[in-house]
Structure formats: C-alpha cells, structure tokens
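Right, one structure below, let's go through it.
What follows is calculated from the coordinates using simple rules that are stated; it is not laboratory data. Just so you know, these numbers come straight off a predicted model, no measurement behind them. Backbone-built Cβ (ideal geometry, glycine too); neighbour counts: all protein chains shown.
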Amino acid sequence: MNIFRLAGDMTHLLSIIVLLLKIQATKSCAGVSLKTQELYAVVFVTRYLDLFYSFISLYNTVMKIIFLLTAFTIIWYMRKHKVVCQTYDKEQDTFRVLFLIVPCFVLALLVNHEMSVTEVLWTFSIYLEAVAILPQLVLLQRTKNVDNLTGNYIFMLGSYRALYLVNWVYRYFTELGYRQWIVWVSGTVQTCVYLDFFYYYVQAWRNNERMKLPG
Amino acid sequence: EEASAAHDEL
C-alpha cells in the first residue's frame, strides 16, 4: 500500500467521523441526505461481501467493518434517534434513488470482469459509489446554506476520491501490468462530481466566509 | 487476474 492510498482511506474515515460527531454533538442531521447515507450502506454491503470468502489483510478487514458499522450507525441516528430524526429535512431530500440504482445495476451486468454474483455486485458498488453523493449535493443546493461540518464532510469525501486517483497513477507506474479500467473510469467520474462543490468550498475558505451555493 | 487485484482497495 502506498502513501496516497493510505491518505485516501484516512480522509474517507475522517469524513465519516466528522459526520458522526456533527450528528452526536449537535443532535442534528440538518442538511444531511439520508438517501446518500443509505446508498453508501448499499455500496459497502455489496462491495464487502468478500469479507466472507477472502482475506486480504487485517487492515483491509478492519476498515471494511468500520465502514459498514458507521454507515448503519448514521442511518440509525437519522431514522431512529428520538431527537436527531426530527431534524431530518425529509421534504427536501426527495432524490429518486432508483434512477441511480437501476442504471448502475444494468451497467454492472453489462460491463464487469466476470459474470458471477459477487463480481457483478462488486462492480455495481463501484458504479453506485461514483454517484451516491448526488442526493446530498442536490439537498445542499436546495437548502442553500451549508453548515461548516457538512461542508467539511463533503470536502473530505471528495478529497478521498482525488487521493485514490493519485494512488492509481502511482500504482500504474510501480506495479507491472496494473490496470483497472472499471475502477479508474468510475473513480474519475466520482471525483468530477465534486468539482463544482470544490470550487465554492475553496472560494468560501479563501474569503473567510460561510459557504453558500448559487441558486 | 484483474478482478482480484481490484479487491485489495476499499
């Protein structure tokens, strides 16, 4: 494992911790999209099925379990926690997730490495992760005001993906025959989804202002 | 071969 990959994973982990701390400390999930969080849960469940049949490293296993547990913890807070669930913007978070799930699944059936259940589900999770942030970005666009923690959460999620891109470039030059077209293309799409957000985030940071999205 | 290599990432 190279430093870019590790930095990417740590940024991903940190983004989740920031979101959980925000929810716990403020007892509020205002501005957070439950749809996006549920999509991430689907992504992790379908991707980490290999926990049952392959072992890569202790690091790998532990991280997978942490991602799964934290995803379900966040969903639990937003759906079941007495105080937190009342702060959820249900009326604003109306993205039709089937418009993401169905095309990703069809694409996974058509473009994959191997026509097996686990491999198709793994490929589906790669495609779905690329677009899973969209309900969150749409919610942000609707509610306009972006609180600091939600902004940092999304910024870190985007940074994690950008670091993975650097990791793939590094691996391409250091590992003989390393090629991952499905992962590379999806990862590039996923990073591009954040570009607009990055622009406004950096602008707010440079001007020392609270982040606002244009109407 | 390619498939298993991809699974070492998270």
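Structural remarks
- Any hit, segment A:24-46, residues being over 24 Å from A:L134 (Cβ atoms), among the aliphatic types (A, V, I, L, M), over 17 Å from the mean Cα position of the chain (by Cα) and in a helix (DSSP H, G or I): yes
- Members of segment A:192-212 found to be under 13 Å from A:F155 (Cβ atoms) and part of a loop (DSSP other than H, G, I, E, B), listed by number: A:Y194, A:M211
- Helices (runs of 4 or more DSSP H) contained entirely in segment A:50-140, each with at least 1 residues that are within 17 Å of the chain's Cα centre (by Cα) and within 14 Å of chain B (Cβ to nearest Cβ): A:58-80, A:117-131
- Matching residues in segment A:161-195 - criterion: being of a type outside the set (A, V, I, L, M, F, W, C), touching a residue at least 12 places away in the same chain (Cβ under 8 Å) and more than 20 Å from A:T123 (Cβ to Cβ): A:Y170, A:T174, A:Y194
- Residue within segment A:5-26 that is out of contact with any Lys or Arg (no Cβ under 8 Å at 6 or more places or on another chain), away from chain B (no Cβ under 14 Å) and among the acidic types (D, E) present: no
- The residue that is surrounded by the fewest Cβ atoms within 10 Å (Cβ to Cβ), counting only those in segment A:69-84 that are among the hydrophobic types (A, V, I, L, M, F, W, C) and touching a residue at least 24 places away in the same chain (Cβ under 8 Å), is A:V83.
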